[in-house]
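Here's the structure, in C-alpha coordinates; my notes come after.
The values are calculated or read from the model by the stated rules, or taken from the named source; none is laboratory data. These numbers were taken from a predicted model, which means no experiment stands behind them. With ideal geometry, Cβ positions are generated from the backbone for all residues, glycine too; neighbour counts draw on all protein chains shown.
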Amino acid sequence: MTSIKIRTITAEDLVRLGEIEALCFPAAEAASPAVLKDRWRAFSSSFLGAEAANGLLIGFINGCCTDSPVIRDEMFLSTTHHCPQGKNQSIFGLDVAPAYWKQGIGAQLMEAFISLARQAGRENIILTCKAHLIPYYEKFGYKNNGQSASSHGGAIWYDMTLKL
(Lines give C-alpha, C1' and ligand atoms only; values in the text may rest on other atoms or scores of the structure.)
Protein backbone atom coordinates (compact mmCIF):
# COMPACT_ATOMS: atom_id res chain seq x y z
CA MET A 1 0.00 0.00 0.00
CA THR A 2 1.24 3.46 -0.92
CA SER A 3 1.91 5.72 2.06
CA ILE A 4 -0.27 8.82 1.78
CA LYS A 5 -1.34 11.83 3.77
CA ILE A 6 -4.97 12.98 3.62
CA ARG A 7 -5.11 16.76 3.64
CA THR A 8 -7.17 19.74 2.59
CA ILE A 9 -6.83 21.02 -0.95
CA THR A 10 -5.11 24.35 -1.52
CA ALA A 11 -5.16 26.78 -4.44
CA GLU A 12 -1.77 25.39 -5.48
CA ASP A 13 -3.40 21.99 -6.06
CA LEU A 14 -6.05 23.14 -8.54
CA VAL A 15 -4.08 22.42 -11.72
CA ARG A 16 -3.31 18.91 -10.47
CA LEU A 17 -7.01 18.34 -9.65
CA GLY A 18 -7.85 18.97 -13.29
CA GLU A 19 -5.17 16.52 -14.41
CA ILE A 20 -6.44 13.78 -12.09
CA GLU A 21 -10.08 14.40 -13.03
CA ALA A 22 -9.23 14.05 -16.73
CA LEU A 23 -7.50 10.72 -16.03
CA CYS A 24 -10.42 9.34 -14.02
CA PHE A 25 -13.51 10.29 -16.00
CA PRO A 26 -14.53 10.31 -19.67
CA ALA A 27 -14.50 13.82 -21.14
CA ALA A 28 -18.33 14.05 -21.10
CA GLU A 29 -18.35 13.36 -17.33
CA ALA A 30 -15.18 15.08 -16.13
CA ALA A 31 -15.34 18.46 -14.46
CA SER A 32 -13.23 21.01 -16.28
CA PRO A 33 -10.38 22.74 -14.46
CA ALA A 34 -12.52 25.91 -14.38
CA VAL A 35 -15.45 24.05 -12.78
CA LEU A 36 -13.15 22.44 -10.22
CA LYS A 37 -11.73 25.87 -9.38
CA ASP A 38 -15.25 27.33 -8.97
CA ARG A 39 -16.25 24.42 -6.75
CA TRP A 40 -13.13 24.80 -4.60
CA ARG A 41 -13.82 28.52 -4.20
CA ALA A 42 -17.44 27.82 -3.17
CA PHE A 43 -16.89 24.83 -0.87
CA SER A 44 -13.18 24.28 -0.24
CA SER A 45 -13.98 22.67 3.11
CA SER A 46 -15.53 19.80 1.14
CA PHE A 47 -12.33 18.96 -0.75
CA LEU A 48 -9.79 16.44 0.54
CA GLY A 49 -6.68 15.22 -1.22
CA ALA A 50 -4.37 12.23 -1.00
CA GLU A 51 -0.71 13.17 -1.12
CA ALA A 52 2.01 10.58 -1.74
CA ALA A 53 5.18 10.53 0.34
CA ASN A 54 6.99 12.37 -2.47
CA GLY A 55 4.53 15.30 -2.19
CA LEU A 56 2.57 14.46 -5.36
CA LEU A 57 -1.21 14.81 -5.11
CA ILE A 58 -2.55 11.46 -6.35
CA GLY A 59 -6.25 11.66 -5.54
CA PHE A 60 -9.09 13.77 -4.20
CA ILE A 61 -12.74 13.75 -3.19
CA ASN A 62 -15.20 16.62 -3.32
CA GLY A 63 -18.85 17.61 -3.24
CA CYS A 64 -21.21 20.36 -2.19
CA CYS A 65 -23.62 20.41 0.73
CA THR A 66 -27.32 20.34 -0.02
CA ASP A 67 -30.76 19.66 1.35
CA SER A 68 -31.59 17.64 -1.77
CA PRO A 69 -31.82 13.88 -1.12
CA VAL A 70 -30.14 13.17 -4.50
CA ILE A 71 -27.59 14.75 -6.79
CA ARG A 72 -29.26 16.54 -9.67
CA ASP A 73 -27.42 17.24 -12.94
CA GLU A 74 -27.52 21.01 -12.45
CA MET A 75 -25.49 20.59 -9.25
CA PHE A 76 -22.50 19.52 -11.36
CA LEU A 77 -22.69 22.70 -13.39
CA SER A 78 -23.19 25.49 -10.87
CA THR A 79 -22.01 26.14 -7.35
CA THR A 80 -25.22 28.09 -6.65
CA HIS A 81 -26.74 24.79 -5.46
CA HIS A 82 -24.27 24.59 -2.56
CA CYS A 83 -26.08 25.09 0.74
CA PRO A 84 -23.44 25.49 3.50
CA GLN A 85 -25.90 24.40 6.19
CA GLY A 86 -27.38 21.59 4.09
CA LYS A 87 -28.17 18.31 5.83
CA ASN A 88 -26.53 16.24 3.09
CA GLN A 89 -22.93 16.11 1.95
CA SER A 90 -22.69 15.14 -1.70
CA ILE A 91 -19.78 13.47 -3.45
CA PHE A 92 -19.25 14.67 -6.99
CA GLY A 93 -16.09 12.67 -7.49
CA LEU A 94 -13.75 10.23 -5.80
CA ASP A 95 -10.68 10.41 -8.02
CA VAL A 96 -7.44 8.46 -7.72
CA ALA A 97 -4.81 8.66 -10.46
CA PRO A 98 -4.87 5.30 -12.29
CA ALA A 99 -1.22 4.52 -11.43
CA TYR A 100 -2.35 4.33 -7.78
CA TRP A 101 -5.53 2.26 -8.18
CA LYS A 102 -6.12 -0.85 -6.06
CA GLN A 103 -3.97 0.42 -3.19
CA GLY A 104 -6.69 1.52 -0.78
CA ILE A 105 -6.27 5.23 -1.49
CA GLY A 106 -9.89 5.74 -2.51
CA ALA A 107 -11.01 4.00 0.68
CA GLN A 108 -8.81 6.26 2.80
CA LEU A 109 -10.24 9.34 1.08
CA MET A 110 -13.77 8.03 1.58
CA GLU A 111 -13.25 7.28 5.28
CA ALA A 112 -11.78 10.75 5.85
CA PHE A 113 -14.67 12.35 3.96
CA ILE A 114 -17.23 10.41 6.00
CA SER A 115 -15.50 11.57 9.18
CA LEU A 116 -15.50 15.18 7.92
CA ALA A 117 -19.23 15.01 7.16
CA ARG A 118 -19.98 13.59 10.61
CA GLN A 119 -17.93 16.33 12.29
CA ALA A 120 -19.88 18.93 10.30
CA GLY A 121 -23.16 17.47 11.56
CA ARG A 122 -24.42 16.23 8.20
CA GLU A 123 -27.22 13.64 8.25
CA ASN A 124 -26.32 11.79 5.03
CA ILE A 125 -23.75 11.52 2.29
CA ILE A 126 -25.20 11.19 -1.20
CA LEU A 127 -23.54 10.19 -4.44
CA THR A 128 -24.27 8.78 -7.86
CA CYS A 129 -22.29 5.94 -9.38
CA LYS A 130 -22.35 3.50 -12.25
CA ALA A 131 -23.71 -0.01 -11.70
CA HIS A 132 -20.30 -1.69 -11.45
CA LEU A 133 -19.35 0.57 -8.51
CA ILE A 134 -22.42 -0.13 -6.38
CA PRO A 135 -20.69 -2.98 -4.45
CA TYR A 136 -17.67 -0.74 -3.76
CA TYR A 137 -19.79 1.93 -2.11
CA GLU A 138 -21.91 -0.62 -0.28
CA LYS A 139 -18.71 -1.67 1.57
CA PHE A 140 -18.81 1.75 3.26
CA GLY A 141 -22.47 1.36 4.22
CA TYR A 142 -24.09 3.17 1.31
CA LYS A 143 -27.53 1.96 0.27
CA ASN A 144 -28.53 1.75 -3.39
CA ASN A 145 -31.68 3.80 -3.98
CA GLY A 146 -32.07 2.67 -7.59
CA GLN A 147 -31.46 4.28 -10.93
CA SER A 148 -30.93 8.01 -10.77
CA ALA A 149 -32.77 10.64 -12.77
CA SER A 150 -29.30 11.99 -13.57
CA SER A 151 -28.06 11.59 -17.11
CA HIS A 152 -24.78 13.43 -16.50
CA GLY A 153 -22.39 12.80 -19.37
CA GLY A 154 -24.95 10.56 -21.06
CA ALA A 155 -24.38 7.72 -18.56
CA ILE A 156 -26.73 5.64 -16.42
CA TRP A 157 -26.24 6.43 -12.74
CA TYR A 158 -27.50 5.02 -9.45
CA ASP A 159 -28.36 7.08 -6.37
CA MET A 160 -26.58 5.99 -3.19
CA THR A 161 -27.08 7.25 0.38
CA LEU A 162 -25.03 6.76 3.53
CA LYS A 163 -26.94 7.63 6.73
CA LEU A 164 -24.56 9.18 9.25
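Among the residues making up the stretch 64-78, those that are touching a residue at least 40 places away in the same chain (Cβ under 8 Å) and within 12 Å of the chain's Cα centre (by Cα) are C65, I71, F76. Looking at the stretch 70-164, the strands (runs of 3 or more DSSP E) lying wholly inside it that each contain 1 or more residues that are of a type in the set (G, A, S) sit at 88-91, 93-96, 143-147.
A Cβ distance below 9 Å, combined with a sequence gap of six or more or placement on separate chains, defines the contacts here; from the stretch 27-54, residues that are touching a residue at least 24 places away in the same chain (Cβ under 8 Å) and aromatic (F, W, Y) reach residues that are in a strand (DSSP E or B) and surrounded by fewer than 16 Cβ atoms within 10 Å (Cβ to Cβ) in the pairs F47/T8.
Considering only the stretch 121-141, I want to know if a residue exists there that is in contact with a Leu (Cβ under 7 Å, 6 or more places away or on another chain) and closer than 26 Å to A34 by Cβ. The answer is yes; a qualifying residue exists. Quick check on the stretch 54-68. Is at least one of its residues in a helix (DSSP H, G or I) and surrounded by fewer than 17 Cβ atoms within 10 Å (Cβ to Cβ)? No, the stretch 54-68 has no match at all. Within the stretch 144-164, restricting attention to residues that are surrounded by 19 or more Cβ atoms within 10 Å (Cβ to Cβ) and among the aliphatic types (A, V, I, L, M), the residue that is nearest to A27 (Cα to Cα) is M160.
Among the residues here, L116 qualifies as modelled with pLDDT of 95 or more, surrounded by 15 or more Cβ atoms within 10 Å (Cβ to Cβ) and farther than 20 Å from D73 by Cα.
Selection over the stretch 119-156 of residues that are touching a helix residue (DSSP H, G or I) at 6+ places or on another chain (Cβ under 6 Å), modelled with pLDDT of 95 or more and closer than 15 Å to T66 by Cβ gives a count of 1. Regarding S44, is this residue under 13 Å from the mean Cα position of the chain (by Cα), assigned to a helix (DSSP H, G or I), of a type outside the set (A, V, I, L, M) and surrounded by fewer than 15 Cβ atoms within 10 Å (Cβ to Cβ)? So S44 fits the description; yes.
The set of residues from the stretch 1-23 being in contact with a Ser or Thr (Cβ under 9 Å, 6 or more places away or on another chain), closer than 14 Å to D95 by Cα and touching a residue at least 40 places away in the same chain (Cβ under 8 Å) comprises I9, E21.
Summed over the stretch 79-96, the residues that are in contact (Cβ under 8 Å) with a residue 12 or more places away in the chain and surrounded by fewer than 20 Cβ atoms within 10 Å (Cβ to Cβ) give a count of 8.
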